[in-house]
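Reviewing the structure listed below.
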Amino acid sequence: MKKQVHSRDVRTAALKRLDERGVMIEDIAEVVYLMQAPYNVGLKMDACVESVYAVLEKREVQHAILVGTELDIMAEKRMMSEPLQSIVEMDEGLFGCDETLALGSVFGYGSIAVTTFGHLDKQKIGIIKRLDTKRGNGVHTFLDDLVASIAASASSRMAHRLRDEEEAERERQLNTQHNNKQAE
């Protein structure tokens, strides 16, 4: 009987796989920064890094990283049967399974994440562009979309948190005004 894999081990494996494939958390955070800076004047890179790590805590994201990168590695080693080998190796435009895997984890972060993922998938910003299979630097058919998914989710998370902070600040100001009027 197989034992259940501890979530700590899954998280460690997913982070290790990103590192092995040349993706640093800071690379993803740079994409998040580019997506959120126009909407958040005081945005700091540390907040983007923290948001990426928070997204990477989700098991669904970890599982997607492990599955997608495993398929990329298999394609690099030419371990897939045809025609799948050629489709994945070439990152065939009509394939879509790579986007489908990545998109699954974006849904938990709302419509901002979904639309940001679509933008990043088309524009190939930062690390996503470097990973694009068509650039001839290994097979990253799944990984480029997974990184876009993580960046989109982290961006959406930050947008929602910013709104929560703004609303909390407005409430504090109203409470202070109310208390001051009662003290008069």
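Below are the figures for this structure:
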quantity	calculated
³J(HN,Hα), Karplus 6.51/-1.76/1.60, whole Hz, each residue of region 110-123, x for Gly, Pro	x, 5, 4, 5, 5, 5, 5, 4, x, 4, 5, 5, 7, 7
Partner lysines for Lys124 [C-alpha distance under 22 Å; skip if fewer than 8 residues away on the same chain]	Lys134
Cβ-based net charge around Lys77, under 12 Å, with every Lys or Arg adding one and every Asp or Glu removing one	-3
The chain: angle of helix 45-56 to the longest principal axis, Cα-based, in degrees nearest 10	60 degrees
Equivalent ellipsoid dimensions for region 19-124 as semi-axes, Å, which come from the Cα gyration tensor, largest first	28, 15, 13
Alpha-carbon spread of region 36-96, three principal axes, descending order, Å	50, 24, 17
Whole-number Å³ per residue for the convex hull built on Cα positions in the chain	147 Å³
On Cα atoms only, tilt of 97-106 relative to the major axis of the chain in degrees	20 degrees
Between helix 143-183 and the chain: long-axis angle, C-alpha atoms, 0 to 90°, nearest 10	10 degrees
The chain: calculated mean residue ellipticity at 222 nm from DSSP helix runs of at least 4, using -39500 (n - 2.57)	-23500 deg cm²/dmol
Highest average packing first - 64-71, 35-42, Cβ atoms within 10 Å	64-71, 35-42
Relative contact order (%) - criterion: Cα under 8 Å, at least six apart; region: the chain	27 percent
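Coordinate-derived values only; no laboratory data. Only a predicted model underlies this, so the values are computations on that prediction, with no experimental measurement involved. Cβ coordinates were reconstructed from backbone atoms using ideal geometry, including for glycine residues, and neighbour counts include every protein chain displayed.
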